[in-house]
Amino acid sequence: MTIKYSDKVIEHFQHPHNLGKLENADVEATEGSAACGDIVTVYLKVNPENHKITDIKFQSYGCASNIATGSIITDLAKGRTLEQAKKITWKQAADELGGLPPIKMHCSVLAVDTLHSAIKQYEKKYLGKVFDEHLNKKNIEEKLKSIIYPKVGLDIITLRMVKYVKLDENNDVLIEMTIDDEYKYSVFEHITNQLKNSFPEINKIKIVAV
C-alpha cells in the first residue's frame, strides 16, 4: 500500500525541529510501544515563575509520520504556558502538517499524548498536583480515546465502536466493540499495548468483536 504524505510532513520528517535529548530537562516522558513500532520521548524545560515551556525536544522511533508529528508538537508547545500546551490536540497537530493519512493518524495522537504526559509529570513533580491514575473503568475508557481506527483516522470512542468495558476483581479487562475488518487485529494490539503500558497491574485483557 502506497501512503501519500503532504509536503509539510515530508519537510518535518527530513528536517525535524527540536530533535534530540534535552540535557538538564525538568521532566521527560515516553509513550508508545516497540511492539507497535512507534515510540516518542518528550523533554521539557519550564520557567518556574510563569510556567512557560522555555525549551522542548523529542526523540522518536518510528515512521515518517511519527517523526513529523514529534517535530510539529514541539514547535506548537515551545514558548507556551503549560495550560496552553495542554490544549494542543492531535487534530491540531495533524492539521498543522497539512493532514495525515487516516492509517497514520495514531502518530499524531501518540505525539500529543507524550507531550501531555510530560506536562503531567512536571505538574506532579513541581506543582504538587495529584491525579487519579488508578486502574478503574473510567480511566480505561479515557485511555481508549487514544486508539485510532485506521480506516477513518478517528478514535474508537468518538466512533462509538466500544460497546462495553468491564474490570473485574481480578483486574481482568473485557472490552466488547464493533469491528470486523482488516484493521481489527491492529486495533486490538494497540488497545492491549496501551492498557498494559498504562496499567501494569492489569492481569488479562480480552477484546471481543460483537
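The residue that is nearest to residue 82 (Cα to Cα), counting only those in the range 112-145 that are in contact with a Ser or Thr (Cβ under 9 Å, 6 or more places away or on another chain) and of a type in the set (S, T, N, Q), is 117. Here 110, 154 are screened, and the one residue that is outside the structural domain of residue 11 (by TED's automatic domain parsing), of a type in the set (A, V, I, L, M, F, W, C) and within 18 Å of the chain's Cα centre (by Cα) is 154.
Residue 23 falls short on exactly one of the conditions (1) of a type outside the set (A, V, I, L, M, F, W, C); (2) over 20 Å from the mean Cα position of the chain (by Cα); (3) within 28 Å of residue 191 (Cβ to Cβ), and that condition is (3).
All of 179, 148, 202, 175 fail the test of being under 24 Å from residue 95 (Cα atoms) and outside the structural domain of residue 99 (by TED's automatic domain parsing), apart from 148. Scan the range 187-204 for residues that are in contact (Cβ under 8 Å) with a residue 24 or more places away in the chain, over 16 Å from residue 142 (Cβ atoms) and over 16 Å from the mean Cα position of the chain (by Cα) and the total you get is 3.
Just one of (1) closer than 30 Å to residue 48 by Cβ; (2) under 10 Å from the mean Cα position of the chain (by Cα) fails for residue 139. It is (2). Of 91, 78, 104, all but one fail to be closer than 20 Å to residue 13 by Cα and in contact with a Cys (Cβ under 8 Å, 6 or more places away or on another chain); the exception is 104.
The values are calculated or read from the model by the stated rules, or taken from the named source; none is laboratory data. Model, not experiment: these values are computed from the prediction. Virtual Cβ from ideal backbone geometry, glycine too; neighbours counted across all protein chains shown.
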